[in-house]
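The values are calculated or read from the model by the stated rules, or taken from the named source; none is laboratory data. Just so we're clear, the structure is a prediction, and the values are computed from it rather than from any experiment. Cβ atoms come from the backbone with ideal geometry, glycine included; neighbour counts cover every protein chain shown. Heads up: the accessible areas ignore ligands, DNA and RNA and are worked out on the full protein's heavy atoms, side chains in. Shrake-Rupley method; radii C 1.70, N 1.55, O 1.52, S 1.80 Å.
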Amino acid sequence: ILAVWSCAFTQNRIAGYYTSSPHCYLIDISATEIQPKRVSNKSFLCFSPSGEYMALSNKGYIPYASSKIGWGHQPSNDIYVHRVNDPETELAHFKDHGDGIKGITSNKVNCPKDIGMVSFSRDNTKLLSVSYDGVVVIRNLRFIDNEQINNSVEDYLYD
């Protein structure tokens with residue numbers, strides 16, 4: 001039995017979720033036959049407001065019943081951006097949350113770099129992420145021909 005950990009719908013009737021397997025699944029709920037598309041070894045975070053993009057991670061999950069130490073959700077500071085209609089193609093990969101702010105993260109959450117939440121801006125041009133230590137990162141997104149345009153910090157300052 002697999003548990004579903006996160007889920008959402010797009011305005012285009014696509015549902016996204018990830019399970020303890022851990023894989024992300026996309027389902028077209030308007031289809032007469034439901035055939036989930038699997039994105040292997042990725043965990044679903046959110047859809048963009050337009051439903052064109054999705055943010056994924058690779059948190060993974062180790063079941064409580066497992067003999068492995070460290071059961072539960074596995075920490076990750078990776079964020080991947082994919083197009084919903086082409087879920088296997090990675091448009092961007094971010095792994096830039098720092099080592100945490102001392103004294104902010106509780107001892108219970110042993111991984112301050114772990115991504116707690118991700119959200120796209122209404123116009124799909126920005127991606128906000130928050131790690132468990134409270135660090136907020138806002139990125140500009142520019143996709144041309146299925147690739148993230150990587151600009152220098154100076155380019156972002158003058159947008």
Between a residue in segment 69-87 that is closer than 18 Å to Tyr17 by Cβ and of a type outside the set (Phe, Trp, Tyr) and any residue that is part of a loop (DSSP other than H, G, I, E, B) and open to solvent by 50 Å² or more (accessible area, probe 1.4 Å), which pairs come within a Cβ distance under 7 Å, given they are 6 or more apart or on different chains? Ser76/Asn58; Arg83/Glu52; Val84/Glu52
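Quick grid of which residues meet (1) open to solvent by less than 60 Å² (accessible area, probe 1.4 Å); (2) on the phi > 0 side of the Ramachandran plot; (3) modelled with pLDDT under 90:
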residue: Tyr53; (1), (2), (3): yes, no, no
residue: Val81; (1), (2), (3): yes, no, no
residue: Asp86; (1), (2), (3): yes, no, no
residue: His93; (1), (2), (3): no, no, no
residue: Lys108; (1), (2), (3): no, no, yes
residue: Ile115; (1), (2), (3): yes, no, yes
residue: Val118; (1), (2), (3): yes, no, no
residue: Ser129; (1), (2), (3): yes, no, no
residue: Glu147; (1), (2), (3): no, no, yes
Output the number of residues of segment 34-48 satisfying the condition of being surrounded by fewer than 16 Cβ atoms within 10 Å (Cβ to Cβ), on the phi < 0 side of the Ramachandran plot and within 14 Å of the chain's Cα centre (by Cα). 1
How many residues are out of contact with any Leu (no Cβ under 8 Å at 6 or more places or on another chain), charged (D, E, K, R) and in contact (Cβ under 8 Å) with a residue 24 or more places away in the chain if we restrict to segment 8-64? 2
In segment 13-55, the residues that are of a type in the set (Gly, Ala, Ser) and in contact with a His (Cβ under 7 Å, 6 or more places away or on another chain): Ser40
